[in-house]
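Since the structure comes first, as structure tokens, the remarks are kept for the end.
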Amino acid sequence: MTERGATLPIDLTTDKPPFEQVRSGIVAGVRTGELIAGTRLPTVRALAAELGLAPNTVAKAYRELEQDGVVVTRGRSGTFVAEAGDSAVAAVQSAATAYARAARRAGVDADEAVRWVRAAFDADH
């Protein structure tokens, strides 16, 4: 679902409407830290195609998420996970996003980048 490829499981055999599954899946991703502040979400059409849903279904989920302050839409730039809650946590999440982008641009894989973060934590105590 994100630019890195995480997906939302949609179960069409349940009574829970698909738009609610999309909405609650994104909220769950934010709560677990899988989707951190600043994460760009796929376009409505791209996510709908990925999940096999109608674009209006995904659009409804995005609208509700925006009303709840979970995501923000920045016009043509796209829809992003909102900076919310504890400002210190939001700052760390933003820094993590910037670090991940820098590591990717430098050709550093996720495992190595995480090892560097752990080393930094161990050295700074």
*asked:* Looking at the stretch 18-28, can you tell me whether even one residue there is among the hydrophobic types (A, V, I, L, M, F, W, C), in contact with a Lys or Arg (Cβ under 7 Å, 6 or more places away or on another chain) and not in a loop (DSSP other than H, G, I, E, B)?
replied: yes
*In the stretch 87-100, is there at least one residue being among the hydrophobic types (A, V, I, L, M, F, W, C) and in contact with a Leu (Cβ under 7 Å, 6 or more places away or on another chain)?*
no
*Tell me which residues, restricted to the stretch 45-75, are modelled with pLDDT of 90 or more and in contact with a strand residue (DSSP E or B) (Cβ under 8 Å, 6 or more places away or on another chain).*
LEU47, TYR62, LEU65, GLU66, VAL71, VAL72, THR73, ARG74
*Residues of the stretch 46-76 satisfying the condition of being in contact (Cβ under 8 Å) with a residue 12 or more places away in the chain and in a helix (DSSP H, G or I)*: LEU47, GLU50, LEU51, THR57, VAL58, ALA59, LYS60, ALA61, TYR62, GLU64, LEU65, GLU66
_Checking the structure you have, find out if any residue of the stretch 97-114 is in contact with a Ser or Thr (Cβ under 9 Å, 6 or more places away or on another chain) and either part of a helix (DSSP H, G or I) or surrounded by 14 or more Cβ atoms within 10 Å (Cβ to Cβ) (or both)._
yes
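The values are calculated or read from the model by the stated rules, or taken from the named source; none is laboratory data. These figures come from a predicted structure and were not determined experimentally. Cβ coordinates were reconstructed from backbone atoms using ideal geometry, including for glycine residues, and neighbour counts include every protein chain displayed.
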